[in-house]
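Let me begin by presenting the structure, written as structure tokens, before commenting on it.
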Amino acid sequence: MNALPQILKSGSSVPLEEIAPSFIRSLSPYVGGKPIEEVAREFGLDPERIIKLASNENPLGFPESARQAILKEMSDLIRYPDGNGFQLKSALSQRYGVPQEWITLGSGSNDILELVAQVFLQKDPGQTSSAIYSEYGFIIYELVSQARGARLIRTQARAGYGHDLDAMAAAIAPDTKVIFVANPNNPTGTYETPDKIEAFLNKVPSRVIVLLDEAYNEYLEPELRYDSTEWVRRYPNLVVTHTFSKAFGLAGLRVGFSIAQPAVTDLLNRVRQPFNVTSPAMVAATAVLNDQDYLSRSYALNRAGLAQLNTAFEKLGLEYVPSFGNFVLVKVGADSGAGAVNLELLKRGIIVRPVAGYGLPEWLRISVGTAEENNMLIRALTEVLTA
Ligand SMILES: Cc1ncc(COP(=O)(O)O)c(C=O)c1O
């Protein structure tokens, strides 16, 4: 790598990178799913014929209710948004049965993960803080914690790639401030039962924040759902995050939220940027929150797509992790890893997500698409694996 430019100070030069703390310098940036345009350029393909099953987006298309709400909002876009998000918070407040003072809005739920890290992993001079997350847990937990200079405690996954909640509780140290739990988890698609989560919450001391990330909650079958808001009422150290990026279909607009008791919510709102969620994002979210038809269709399309992918993987003799989200982790590589299969899929205009960064070099994470997109993926994968 080339040496970074130097700044001159009182005659001596300081390499710019040394201004940043070591924990920032050692951060590896988040690698997202490849954009369609990039793959089109790289492989000389027609962007119209590329399918992206790499970022767990909603294949159903943008909700019409949200589109109408945004169009109505257009003429007001010269104004800043309502920094308190009154309309969206009142809709959420009704939906989840909590006062508005329990809700924090974020530019995606990712924003809330950062706010939690910023508030609780900030250390006073001379102190340390640590954060706990699971092996194969959503990678942003590690990133936001490291960005605060926290000590990272990664617990081993349980058999079947899920969170080992007992191990996570046992790993709590005197300086632990935050534990991140995703249910279902990305990229494994694993799910922990509510009785296990409640037993875990009972073990965590109230001085430690538990962040329960429910980004994929709407994809759970009705009999697997649970009332985490009820837990928020009972556990003042619990923050539950939700997103509009998945089942609600608004990933590009960036809107998510958390529910937590007012003491924690107040802290999050102190560090939140005043206008962190745009007005089109808020009106769209308000509209789609009550768009039961879109939500039901998202759910049904995902159930059918999961079944379609699982059946195909079984036919191909591929190991996969049964998923509770809108994506599946499937093992396609042997010793050489999944890189070659991924490359062949890209050449055929299909973008999926390699997960070597998660310590899963032989696996790919494939988002559920429309029936047609899933078929294209299955055809290409069959061709590549049987070549
Ligand atoms: C488990 C989990 N949490 C949070 C997020 C963040 O999503 P967003 O910032 O779009 O709300 C994602 C996105 O993929 C995720 O998989």
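A few comments on the model shown:
- The numbered conditions (1) over 17 Å from the mean Cα position of the chain (by Cα); (2) among the aliphatic types (A, V, I, L, M); (3) within 16 Å of the ligand (Cβ to nearest atom) are all true for residue 171 except (3).
- Yes/no for residue 253 being over 30 Å from residue 74 (Cα atoms) and either of a type in the set (A, V, I, L, M, F, W, C) or more than 14 Å from the chain's Cα centre (by Cα) (or both): no
- Filtering region 68-110 to residues that are among the β-branched types (Val, Ile, Thr), more than 16 Å from the ligand (Cβ to nearest atom) and closer than 16 Å to residue 229 by Cα leaves only 98.
- Residue within region 176-191 that is away from the ligand (no atom under 16 Å from the Cβ) and surrounded by fewer than 16 Cβ atoms within 10 Å (Cβ to Cβ) present: no
- Being touching a helix residue (DSSP H, G or I) at 6+ places or on another chain (Cβ under 6 Å), under 20 Å from residue 23 (Cα atoms) and within 16 Å of the ligand (Cβ to nearest atom) is a property that holds for residue 140.
- For region 253-267, the set of residues classified as within 9 Å of the ligand (Cβ to nearest atom), assigned to a loop (DSSP other than H, G, I, E, B) and surrounded by 24 or more Cβ atoms within 10 Å (Cβ to Cβ) consists of 255 only.
- Residue check, residue 340 out of contact with any His (no Cβ under 9 Å at 6 or more places or on another chain) and surrounded by 18 or more Cβ atoms within 10 Å (Cβ to Cβ): no
- Under the condition of being surrounded by fewer than 21 Cβ atoms within 10 Å (Cβ to Cβ) and not aromatic (Phe, Trp, Tyr), the residues counted in region 52-63 number 5.
- Listed by first and then second residue, the pairs linking a residue in region 82-104 that is more than 11 Å from residue 282 (Cα to Cα) and touching a residue at least 24 places away in the same chain (Cβ under 8 Å) to a residue that is among the charged types (D, E, K, R) and part of a helix (DSSP H, G or I), with Cβ atoms under 7 Å apart and 6 or more places separating them unless they lie on different chains, are 103/89.
- The condition of being at pLDDT 95 or above and not assigned by TED's automatic domain parsing to the domain that holds residue 233 holds for only one of 251, 281, 312, that being 312.
- Residue, nearest to residue 47 (Cα to Cα), within region 356-375, restricted to residues that are surrounded by fewer than 20 Cβ atoms within 10 Å (Cβ to Cβ) and in contact with a Leu (Cβ under 9 Å, 6 or more places away or on another chain): 373
- For region 290-346, filtering for residues that are within 16 Å of the ligand (Cβ to nearest atom) and among the acidic types (Asp, Glu) leaves 0.
- Listed by first and then second residue, the pairs with beta-carbon distance under 6 Å, at least 6 apart or on different chains, first residue in region 345-361 and without any contact (Cβ under 8 Å) to a residue 60 or more places away in the chain, second assigned to a helix (DSSP H, G or I), are 345/380; 348/380; 354/342.
- Flag if residue 216 is closer than 24 Å to residue 291 by Cβ and not basic (Lys, Arg): yes
- For first residues located in region 290-318 and farther than 18 Å from residue 372 by Cβ, partners that are of a type in the set (Val, Ile, Thr) and assigned to a helix (DSSP H, G or I) and lie 6+ apart or on another chain with Cβ distances below 8 Å form the pairs 294/288; 295/288; 316/382.
- Residue check, residue 212 over 30 Å from residue 68 (Cβ atoms), modelled with pLDDT of 95 or more and within 12 Å of the ligand (Cβ to nearest atom): yes
The values are calculated or read from the model by the stated rules, or taken from the named source; none is laboratory data. Note that the coordinates shown come from a computational prediction; the quantities given were computed from them, not determined experimentally. Note that we place each Cβ from the backbone using ideal geometry, even for glycine, and neighbour counts take in every protein chain shown.
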